[in-house]
Structure formats: C-alpha cells, structure tokens
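The structure appears right after this line, and notes come after that.
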Amino acid sequence: MAPSVPRTRAAASLRMKQIALHNQDRTIRRLRVQLATRRRGLATMKKELEDTQVALEASHKVIAGLTEIGLSMSKKIERMKVKKQQVRANHVEGHQKFQVRIHEAEDSMQAQHLLIEALVDEKDSLLQTIHGLQEANNAPAPFDGDWEEEPEEEPEEEDIEDIPLGEGEIDDE
C-alpha cells in the first residue's frame with residue numbers, strides 16, 4: 001500500500017490544483033465579463049457625457065442669443081421711452097403754443113370790438129356835429145332819408161375754454 005499512497009496524494013494534489021485552476025479560470029471569466037460590462041458602461045457614460053456636453057454648448061449658445069435679444073429689446077425699450085418723452089414734450093409745447101394763439105386771437109377780437117365801439121361812438125358824434133351844424137345853418141339834412149343806421153348788434157362772444165393738457169389724445173367733438 002505504500003507505493004499507491006504517494007500516487008493518491010499526487011493525484012489528489014493534482015486534482016486540487018485542477019480544481020483551483022478551474023476556480024481561477026471561472027473567476028477570471030467572471031472578472032472579464034465584469035470588466036467588459038464596466039467598459040460598456042463607461043463607453044455609454046462617455047457617450048452620454050459627450051451628448052450632455054454638446055447639449056450644454058448648445059444651451060450656452062441659446063442663452064447667449066437670448067441675452068443678446070434681451071439686450072437689444074432693452075435698448076429698443078429705452079429708445080421708445082425717450083421717443084415717448086419727446087412726443088409728450090412736443091405735445092406740451094404745441095399745446096402751450098396753441099393756448100398762446102388762442103389768447104392772442106381773443107385779445108385781438110377784444111381789441112377789434114373796442115375799436116368798433118370807438119368808431120361807432122365817433123360816427124354818432126360826427127352825426128350829431130353834422131346835425132348841429134345843419135340846424136345852425138338852417139340847411140336841410142343830407143342824410144335824413146338816405147341814411148339808415150344799422151342797429152348795433154352785440155357780437156356773440158364765444159368763450160374759448162382753455163384746452164386741458166391731456167395725455168396726447170385729441171378729442172374731436
């Protein structure tokens with residue numbers, strides 16, 4: 001029995017080494033599968049990262065474009081505000097000039113009215129003087145039958161109201 005024991009030990013040792021190699025082989029295959037899975041995962045993550053980077057760059061371009069549009073709009077709004085202020089100032093100035101013209105016209109009409117009253121009074125005075133001279137000279141009155149004195153009419157004075165200073169709207173009534 002002695003010679004078979006070392007062979008049994010050698011066979012057992014060899015069988016143990018084969019089992020160990022088989023286990024190592026399975027471990028290596030399992031680790032290779034895990035490595036391949038992780039590499040695929042890393043490749044997928046790399047592709048996702050690249051896609052995300054492309055999307056991020058596109059977002060930055062869109063944000064830059066929107067910022068530029070926003071700045072342009074802000075400038076346009078400021079120009080519109082300045083233009084609105086200018087229009088309002090021009091409206092106020094035109095309104096003031098119009099009010100001055102109205103007052104000048106009223107003053108002119110009042111002066112003309114006073115001048116007409118003065119001329120009527122002077123005409124009456126001249127007629128009285130002529131009648132007085134005719135009576136003093138016993139002369140016939142040349143204007144007795146031909147002269148028709150027009151009745152004095154009081155001119156209707158239209159009160160022109162001050163136009164209120166509004167927001168730029170013209171109300172035609």
Which whole-Hz couplings ³J(HN,Hα) result when phi for each residue of the stretch 92-100 is put into the Karplus expression 6.51 cos²θ - 1.76 cosθ + 1.60, θ = phi - 60°, listed in order with x for Gly and Pro? 4, 5, x, 4, 5, 5, 5, 4, 4
Starting at the first residue of the stretch 28-35, write each ³J(HN,Hα) from the Karplus equation 6.51 cos²θ - 1.76 cosθ + 1.60 with θ = phi - 60°, in whole Hz, x for Gly and Pro. 5, 4, 4, 5, 5, 4, 4, 5
Which value, in Å², gives the accessible area per residue of the stretch 13-74 when a 1.4 Å probe is used on the protein heavy atoms? 92 Å²
Starting from the exponent 0.38 and prefactor 2.2 Å, build the expected Rg for the stretch 2-133 from its residue count and divide its actual Cα Rg by it. 3.94
List the lysines whose alpha-carbon lies under 23 Å from that of K83, not counting same-chain residues fewer than 8 positions away? K75, K97
On the accessible surface of the stretch 4-48, probed at 1.4 Å, how many percent belong to carbon and sulfur atoms? 61 percent
Tabulate in residue order the Karplus-calculated ³J(HN,Hα) for the stretch 61-72, using 6.51 cos²θ - 1.76 cosθ + 1.60 with θ = phi - 60°, rounded to whole Hz; enter x for Gly and Pro. 5, 5, 4, 4, x, 5, 4, 5, 5, x, 5, 4
Surface/4 of the Cα convex hull for the stretch 39-94, nm²: 3.7 nm²
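The values are calculated or read from the model by the stated rules, or taken from the named source; none is laboratory data. Predicted model, so just to flag it, every value in this text is computed and none were measured. Heads up: the accessible areas ignore ligands, DNA and RNA and are worked out on the full protein's heavy atoms, side chains in. Shrake-Rupley method; radii C 1.70, N 1.55, O 1.52, S 1.80 Å.
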